[in-house]
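The values are calculated or read from the model by the stated rules, or taken from the named source; none is laboratory data. Worth saying up front: this structure is predicted, and the values here are computed from it rather than measured. Using ideal geometry, Cβ is built from the backbone for each residue, glycine included, and neighbour counts are taken over all protein chains shown.
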Amino acid sequence: MLEALPTPPVDPILALGGAVRSDRRSDKLDLGIGVFRDEAGHTPIMQAVREAERRLLDDRTTKTYVGARGDLRFADAVAQLILGTGRPERLTGIQATGGTGALRVLAGLVARARRDVAVWVPEPTWLNHQTIFADAGLKTAGYPYYDRTELRVRPDLLLAKLETIPAGDVVLFHGCCHNPCGADLPFEAWEAIAEVMGKRGLIPFVDLAYQGFGRGLDEDAAGVRLLAAKMPELLIAFSCSKNFGLYSERTGCALVLAENEARARLAGEHMALVARPLYSMPPDHGSAIVRTILEDAELAASWRIELSEMTQSILDNRRALAAAFRNATGTTGFDYLENGSGMFSLLNLSPGEILTLREERGIYIVEDGRINVAGLPTQRVTDFVHAVTDALARRT
Ligand code: PMP
């Protein structure tokens with residue numbers, strides 16, 4: 001049987017991780033997979049998470065199933081974090097296995113409602129988006145988002161494209177900290193998007209995987225909050241992997257804002273049906289940690305401080321990178337790195353240059369030029385910048 005399997009396509013980010021692991025050089029530099037690292041190169045467990053785990057260990061008396069839709073108090077707490085208000089009656093949520101699981105459950109919900117619609121994703125986008133929607137049987141198409149020559153977002157092109165997308169189609173946005181380009185939409189662009197989407201009957205779908213990693217918890221949610229206020233329907237996939245540092249616990253939440261409470265309830269029931277054959281019931285530990293933190297004012301305050309420290313360290317890295325490039329090149333051509341948001345930015349390097357950096361210097365960058373700024377220790381900024389500028393200087 002198994003001989004019938006075709007050779008699978010390579011996932012560039014996972015493949016890069018494997019190559020990093022088998023590299024024996026002690027000074028290798030992994031700027032591939034998106035995890036936050038401290039100065040020691042370690043991805044820490046947040047103090048608030050440790051404290052919540054301690055409490056759970058003492059208080060928990062059972063490991064029985066959590067129910068088809070998981071911990072609904074967790075979903076309410078997440079909704080409040082995202083929207084900045086209590087849960088509206090027309091909103092429903094389901095606990096999911098990470099942001100990926102939330103995306104997949106929402107994709108399944110879309111396919112159950114309207115199998116014929118397309119999901120429009122930004123160009124570029126996280127490499128897994130197309131795969132997730134295809135897995136749910138949905139078509140995807142791209143809309144213009146980021147101009148790699150001008151190194152900036154193009155809301156004008158995005159809005160012009162929205163005017164041409166058929167009514168009823170779904171449009172996916174990164175709520176903040178765009179992966180891979182790190183360039184977010186200005187608030188006015190969200191306002192214009194809401195207007196065009198409403199006028200044309202398009203369904204917004206926000207992937208919010210980095211709330212708090214860009215400019216702050218409220219600032220990073222400004223776009224999604226605006227859509228929630230203006231749009232009759234809205235899908236939100238939320239990940240707790242980065243902002244709670246819960247990568248391995250697979251903690252996320254799928255939220256749906258519907259036109260009314262009855263439709264929201266229906267959406268919740270269908271999401272549970274999507275999840276049922278995939279994993280039946282969600283895991284408990286990660287969402288219990290998040291709920292414990294968010295429902296406790298003191299723990300929540302400590303989590304917010306830790307999160308803002310992580311964000312500050314990413315911003316410091318961005319500033320240091322831009323300054324080092326200014327020194328090395330005598331130009332402001334890399335200042336966009338300082339203005340970026342979240343973990344990622346793109347470098348305009350060719351596949352050959354990326355390979356040379358990897359082979360000669362042990363520097364690992366994703367094949368599209370994405371670097372994880374949050375994975376770069378401050379003391380490596382200068383030698384990283386010199387390696388990149390050396391590679392660029394070799395261009396003929
Ligand atoms: N959306 C985006 C844009 C992401 O970058 C990621 C993680 N890399 C996810 C969703 C999924 O996150 P999780 O690890 O929680 O599944």
Step by step: first the residues of the stretch 137-170, then only those that are within 15 Å of the ligand (Cβ to nearest atom) and within 18 Å of ALA237 (Cβ to Cβ), then the one that is surrounded by the most Cβ atoms within 10 Å (Cβ to Cβ). Which residue is that? TYR145
For the subset of the stretch 229-248 comprising residues that are assigned to a loop (DSSP other than H, G, I, E, B) and under 13 Å from PRO88 (Cα atoms), which member is farthest from the ligand (Cβ to nearest atom)? PRO232
Residue in the stretch 49-71 that is outside any strand (DSSP E or B) and within 14 Å of the ligand (Cβ to nearest atom) present: no
Which one is farthest from the ligand (Cβ to nearest atom) among residues in the stretch 106-118 that are part of a helix (DSSP H, G or I) and not charged (D, E, K, R)? ALA113
So in the stretch 120-136, with the set limited to residues that are within 12 Å of the ligand (Cβ to nearest atom) and part of a strand (DSSP E or B), which one is nearest to ALA167 (Cα to Cα)? VAL121
Qualifying positions in the stretch 196-228 - at positive phi and either at pLDDT below 95 or within 16 Å of the ligand (Cβ to nearest atom) (or both): GLY212
ALA267 vs (1) out of contact with any strand residue (DSSP E or B) (no Cβ under 8 Å at 6 or more places or on another chain); (2) away from the ligand (no atom under 16 Å from the Cβ); (3) hydrophobic (A, V, I, L, M, F, W, C): all pass except (1)
Among the residues that make up the stretch 367-378, is at least one of them of a type in the set (Lys, Arg) and in a helix (DSSP H, G or I)? no
Residues (assigned to a strand (DSSP E or B) and away from the ligand (no atom under 15 Å from the Cβ)) located in the stretch 89-105: LEU91, THR92, GLY93
Residue hits (the stretch 192-220; aliphatic (A, V, I, L, M) and within 13 Å of the chain's Cα centre (by Cα)) are VAL206, LEU208, ALA209
Reported set for the stretch 24-42 where residues are surrounded by 15 or more Cβ atoms within 10 Å (Cβ to Cβ) and assigned to a loop (DSSP other than H, G, I, E, B) is LYS28, LEU31, GLY32, ILE33, GLY34, VAL35, PHE36, ARG37
Quick check on THR62: is it among the hydroxyl-bearing types (Ser, Thr, Tyr) and in contact with a Pro (Cβ under 7 Å, 6 or more places away or on another chain)? no
Hey, any hits in the stretch 84-106 for a residue that's without any contact (Cβ under 8 Å) to a residue 60 or more places away in the chain, more than 16 Å from the chain's Cα centre (by Cα) and within 15 Å of VAL206 (Cβ to Cβ)? no
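Table: residues versus (1) out of contact with any Gly (no Cβ under 9 Å at 6 or more places or on another chain); (2) within 29 Å of LEU307 (Cα to Cα); (3) touching a residue at least 40 places away in the same chain (Cβ under 8 Å); (4) among the charged types (D, E, K, R).
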position: GLY245; (1), (2), (3), (4): yes, yes, yes, no
position: ARG250; (1), (2), (3), (4): no, yes, yes, yes
position: GLU259; (1), (2), (3), (4): yes, no, yes, yes
position: ARG263; (1), (2), (3), (4): yes, no, yes, yes
